[in-house]
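These notes concern the structure reproduced below.
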């Protein structure tokens, strides 16, 4: 039996769909004797961190003799398998890099805003106008950088999830064959509210998955 393609939503690798957008519009050009009013920034922009990982699967109970159905917890497998942990580490590394880049841009913007507000009557009209233009440009650049960072993180998430699924599906299918099962359910997607604990094959899948990655040829 061919294993059904599983839609994997890995808690350990999840990314919030929306990232806070930081943008601060400059006001109209003020009179030369007063600095323009500036609203304080809400805080530096960030790429959303991953959600807490799913708990480890419980120690396996005896598999019921003659059972033809079983289930697994995909999120627990993603959180506790070596492959899932490696993917999470890659995402965390990218998030840290993007957050660092956004923070640097945000600090540069804040420095210009502080300079404009502190300039008062010191800045002449031409200098003030140029600084306001620089602030507006930096605001746009920061917003675009946020959008690009969100897209890059989401693209990596999709890639890692696809790779994870491609490697995991054969493991699940072989386990089904070995145990003579008709079907293996994804417990979080099945709507089941109660089940015999021995039918949970998550720990066995993690064990086989980790073993397969140790023996897989290096690319």
> Is one or more of the residues making up region 55-65 part of a helix (DSSP H, G or I), closer than 30 Å to residue 172 by Cα and modelled with pLDDT of 90 or more?
Replying inline: no
>> Being in contact with a strand residue (DSSP E or B) (Cβ under 6 Å, 6 or more places away or on another chain), modelled with pLDDT of 95 or more and either closer than 16 Å to residue 161 by Cα or not in a helix (DSSP H, G or I) (or both) is true for just one of 70, 87. Which residue is that?
In response: 70
> Pick from region 208-219 the residues that are at pLDDT 95 or above and under 19 Å from residue 88 (Cβ atoms): which of them is surrounded by the most Cβ atoms within 10 Å (Cβ to Cβ)?
Replying inline: 209
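Looking only at region 187-216, how many residues end up being in a helix (DSSP H, G or I) and closer than 20 Å to residue 82 by Cα?
14
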> When only residues in region 142-186 that are in contact with a strand residue (DSSP E or B) (Cβ under 9 Å, 6 or more places away or on another chain) and part of a helix (DSSP H, G or I) count, which is farthest from residue 201 (Cα to Cα)?
Replying inline: 173
> Can you tell me which residues in region 180-204 are surrounded by 12 or more Cβ atoms within 10 Å (Cβ to Cβ) and farther than 17 Å from residue 68 by Cα?
Replying inline: 188, 189, 203
> Can you tell which of 160, 201 is more than 17 Å from the chain's Cα centre (by Cα) and within 17 Å of residue 77 (Cβ to Cβ)?
Replying inline: 201
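Starting from residues that are touching a helix residue (DSSP H, G or I) at 6+ places or on another chain (Cβ under 8 Å) and farther than 14 Å from residue 139 by Cα, keep the ones in region 106-126 and report whichever is surrounded by the most Cβ atoms within 10 Å (Cβ to Cβ). Please lay out each step first, then the result.
Step one: list which residues in region 106-126 are touching a helix residue (DSSP H, G or I) at 6+ places or on another chain (Cβ under 8 Å), which gives 106, 108-109, 112-113, 115-116, 119, 123.
If we keep only those that are farther than 14 Å from residue 139 by Cα as well, we get 115-116, 119, 123.
Details: 115: 15, 116: 20, 119: 15, 123: 17.
Of everything passing the filter in region 106-126, 116 is surrounded by the most Cβ atoms within 10 Å (Cβ to Cβ).
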> Can you name the number of the only condition in (1) loosely packed, with under 15 Cβ neighbours inside 10 Å; (2) over 30 Å from residue 214 (Cβ atoms) that residue 97 fails?
Replying inline: (2)
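Take residue 128 and tell me if it is in a helix (DSSP H, G or I) and either modelled with pLDDT of 95 or more or in contact with a strand residue (DSSP E or B) (Cβ under 7 Å, 6 or more places away or on another chain) (or both).
Details: in a helix (DSSP H, G or I): yes; either modelled with pLDDT of 95 or more or in contact with a strand residue (DSSP E or B) (Cβ under 7 Å, 6 or more places away or on another chain) (or both): no.
So residue 128 does not fit the description; no.
For the structure I just gave you, tell me whether residue 141 is over 24 Å from residue 83 (Cβ atoms), surrounded by fewer than 14 Cβ atoms within 10 Å (Cβ to Cβ) and either modelled with pLDDT of 95 or more or within 25 Å of the chain's Cα centre (by Cα) (or both). Steps first, answer last, please.
Numbers: over 24 Å from residue 83 (Cβ atoms): yes; surrounded by fewer than 14 Cβ atoms within 10 Å (Cβ to Cβ): yes; either modelled with pLDDT of 95 or more or within 25 Å of the chain's Cα centre (by Cα) (or both): yes.
Taking the combined requirement at face value, the residue satisfies it.
The values are calculated or read from the model by the stated rules, or taken from the named source; none is laboratory data. Fair warning: this is a prediction, and the values are worked out from it, not measured in the lab. Neighbour counts run over all protein chains shown; Cβ positions are idealised from the backbone, glycine included.
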